[in-house]
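A quick write-up on the structure given underneath.
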Amino acid sequence: MIEKLNPQQREAVTLEPQHALVLAGAGSGKTRVLITRMAWLIQNGQASPFGLLAVTFTNKAAREMLTRITAILPIDTRGLWVGTFHGLCNRLLRAHHRDAGLPQAFQILDTADQLAAIKRLLKANGIDDEKFPPRDVQRFINGAKEEGQRPDDVEVWDSHRRRLVEIYQLYEAQCQREGVVDFPELLLRAYELLSRNAPVREHYQRRFRHILVDEFQDTNTLQYKWLRLLAGGGAYIFAVGDDDQSIYAFRGANVGNMADFERDYAHGTVIRLEQNYRSYGHILDAANALIDHNSGRLGKNLWTEQGEGEPIRVIEQPSDGMEAHWIVDEIRALVADGRARREIAVLYRSNAQSRVLEHGLFSSGIPYKVYGGLRFFERQEIKHALAYLRLLANPDDDTSWMRVVNFPARGIGARTLEQQADAARSQDTSLYGAVARVPGKGGANLAQFATLIQRMAEDTRQLPLPEMVEHVLHASGLLDHYKGEREGAERIENLNELITAAAVFASEENFDGLPGGVVPRSEPVTDAATGEVLPGAPADGGLTPLAAFLSHAALEAGDNQAEAGQDAVQLMTVHAAKGLEFDAVFITGLEEGLFPHENSLLEQSGLEEERRLMYVAITRARERLYLSLAQSRMLHGQTRYAMRSRFLTEIPEQHLKWLTPRTGGGSQGYGASQGGYGEDRWSGASRDAFGRKPTGTAAPRAPRSVSSGVTVGDRQFRIGMGVRHARFGDGTIVGLSGSGQDAQAQIQFRDVGTKTLALGIAKLDVI
Ligand code: ATP
Ligand code: MG
């Protein structure tokens, strides 16, 4: 098991019980070390499988970990606590739902459901959604929860914020009434359960002797507190991470946890791994050089024995369509060369980029699979079906009620629903509870719907899970509805796939922490003081297979088991690619404003996070890496022109090989390493860091089929142009979008960073 490891890896795997942090760069074997250590601890009698808790970043990783452990040791994995933070917290809350103040069959709201619930709340309370945009409210609530704050804990400094806190309060009451829990709530509840309930806490503190955490750099404050609490009884934490791969700050991740760990567990060991086993030299050196532009790093050096391999291929195309076309052709060639499709990944910064890539692959008949886009369980028809199932489990789930009360259409209109909502509010009940109070025809229709739900619940009570799902698809009218729809065939196929998913779930163990199909055992807890065994979940009832399946559906994060075996090209965002590796990787859309993303350019920290993201992207590749960009791109209905990403210029030229002619012409040092950031491919003149041309005129020397300029009034603006603004000072235009009076420019100012200005309004002088 440990023979194949290098000495540092071996040291980490075989450490005597103690706190340890493995701090190491991409592809150095952190995940491998973590998994091997689990197996090693068990095999050497240092720990029982039940004394281990391991946190992974995705369900897929959890599954892989269990597969690898059972390959080494034939054990029943059901008692193993391996999963994502959300999966583990879900398991904890189900087992102790009473202590946590939840119904055992509580439902989980995914991000979209949560947003719908917030919209409904704002409407019901007459709150202006222009002043309080639902997405902002959602961000506020989730941000507070991720910091471990309930409404009372949130600091208030103005009336707007006070109102936000009130909304948070209303939202909590609504969730509690409906028996639903959102993602950050899973964590916060689980944390509160442990911190407030001594017997439960002590039980788990006694039970878990070893706590292992992968991707530690992306834990948030609350997750870290949760870990510390669990470890408080003397367990050992073994954390692996890479500060250079911290890419979830926007979701509350706190890379400072790594430094805190070194402080909180000062007597522990820090181990560094420096050999990279994944990538060839050109790829690795490019990644090292790029990340070197960041400040405040913990500092690591990665090397490989694999030799330098092939240089990184760079492609520049006039449009996003042609970029996609080029990539599809190249993929075809790679496959013809005998590469497995699943070993080819196409990465992008933003989900919006996937459409044109998908289109290209689809038209060429190349099988592909998109991760992190619209996942199976997030498709409209699946969410409708799940909403019916959720209502069977809990008719008070208003979000589900609203989703399907008039789908398929049952003549229940907006007016009726308003009356129902009013009645529910005045009676302080769920929508379901208020059905009888709605008068007239609308009320009768509602009553009929309520009866339908009750009847479905009764008719399916004795059925096994897959048959239950099948029954509901028919009885709800969903199948008939989609049969009548022109493009319904695919939806029907997906609905049938849901029956399959239920069957798979019921027959197998799944790794959200709940054994599929069976009622999970409750975890009896012993009071440390008295020795009394306290009941956890009720001994008889437990969770129904349906409720277990529904929580599985909500937690299943993009890794669709059903298609796992298929040999398909992998499409995903860079975020979704974390921890994975492929033989060949395409990183697309390397343009200023896209990657790095325009929202990140306002602050240094934002730019550094983008650079870490690029580091993650590069280090996914084993053998071959492609970087591509388009000179113009349709995004959100607008054609945008942008400059080449600065990340391209941060990779030393010796690692790059241009497969397409470099635009902008000639010998002027257009090369990435010499040209610098302000390069203007349109005029062919090189510029300094702020886009000022040293010589020459602005006349385009190498006009392309697309124009990089926009005209506003009688003035022309072009990318690369130097401008002066009365307040912001001198800067360079780095991006343009829109036209005429709607035209906007992204300008990189020398002193104040990047700003987006409306060209029709901003007063700019050309310099
Ligand atoms: P990331 O930071 O991207 O998550 P990581 O540090 O977790 O990467 P792993 O995924 O564990 O790295 O390992 C990278 C690759 O190197 C894997 O294919 C792994 O099997 C391989 N590898 C790790 N250690 C060794 C070793 N000692 N000998 C051979 N291959 C190894
Ligand atoms: Mg890893």
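Charged neighbours of Pro151, selected by a Cβ distance under 9 Å, balance to -3 (K, R count +1; D, E count -1).
In the chain, the DSSP beta bridges split such that about 40 percent are antiparallel, to the nearest 5. Relative contact order, whole percent, for the chain stands at 15, derived from Cα pairs under 8 Å and 6 or more residues apart. Shape summary: the stretch 1-80 maps onto an equivalent ellipsoid whose semi-axes, from the alpha-carbon gyration tensor, are 19, 15, 12 Å in decreasing order.
Can you tally the net charge around Phe132? Count Lys and Arg as +1, Asp and Glu as -1, for every other residue whose Cβ sits under 15 Å from the Cβ of Phe132. Walk me through the intermediate numbers first.
On the way: positive: Lys119, Arg120, Lys123, Lys131, Arg135, Arg139, Arg161, Arg162, Arg163; negative: Asp128, Asp129, Glu130, Asp136, Asp158, Glu166.
Here the charged neighbours net out to +3.
Compute the long axis of helix 604-618 from its Cα atoms, compare it with the longest principal axis of the Cα atoms of the chain, and write down the angle in degrees, 0 to 90, nearest 10. The two axes meet at around 90 degrees. Each Lys or Arg adds one and each Asp or Glu subtracts one; over the other residues with Cβ under 9 Å from the Cβ of Glu172, this totals 0. Helix content alone sets the calculated 222 nm mean residue ellipticity of the chain: runs of n ≥ 4 DSSP H residues at -39500 (n - 2.57) each, divided across all residues, give -12000 deg cm²/dmol. Between helix 183-196 and the chain there is an angle of about 60 degrees, using the helix long axis and the longest principal axis of the Cα atoms.
Treat the chain as a sphere of radius equal to its Kirkwood radius over Cα pairs and apply Stokes-Einstein at 10 °C in a medium of 1.306 mPa s; give the translational diffusion coefficient in µm²/s, rounded to a whole number. Walk me through the numbers before you get to the answer.
Values: Rh = 28.5 Å.
For these conditions, the coefficient is 56 µm²/s.
In a solvent-free Debye calculation with one equal scatterer on each Cα, what is log10 I(q)/I(0) for the stretch 712-766 at q = 0.18, 0.28, 0.31 Å⁻¹, listed in the order of the q values? With one equal scatterer per Cα and no solvent, log10 I(q)/I(0) is -0.48, -1.21, -1.46.
Report, to two decimal places, the Cα Rg of the stretch 107-178 normalised by 2.2 N^0.38 Å (N = number of residues). Please report the intermediate quantities before stating the final value.
Details: Rg = 11.4 Å, N = 72, 2.2 N^0.38 = 11.2 Å.
The stretch 107-178 yields a ratio of 1.02.
Our coupling estimate for the stretch 224-230, obtained by passing each phi through the Karplus curve with A = 6.51, B = -1.76, C = 1.60 and θ = phi - 60°, is 5, 4, 4, 5, 5, 5, 4 Hz, Gly and Pro reported as x.
For the set Lys30/Lys383; Lys123/Lys145; Lys60/Lys657; Lys119/Lys145; Lys30/Lys657; Lys123/Lys369, the pairs lying more than 26 angstrom apart at their alpha carbons are Lys30/Lys383; Lys60/Lys657; Lys30/Lys657; Lys123/Lys369. Between the Cα long axis of helix 281-291 and the first principal axis of the chain there is an angle of about 80°, rounded to the nearest 10.
Only the coordinates and a few stated rules stand behind these numbers; no lab work does. All values reported here derive from a predicted model rather than from experimental measurement. Using ideal geometry, Cβ is built from the backbone for each residue, glycine included, and neighbour counts are taken over all protein chains shown.
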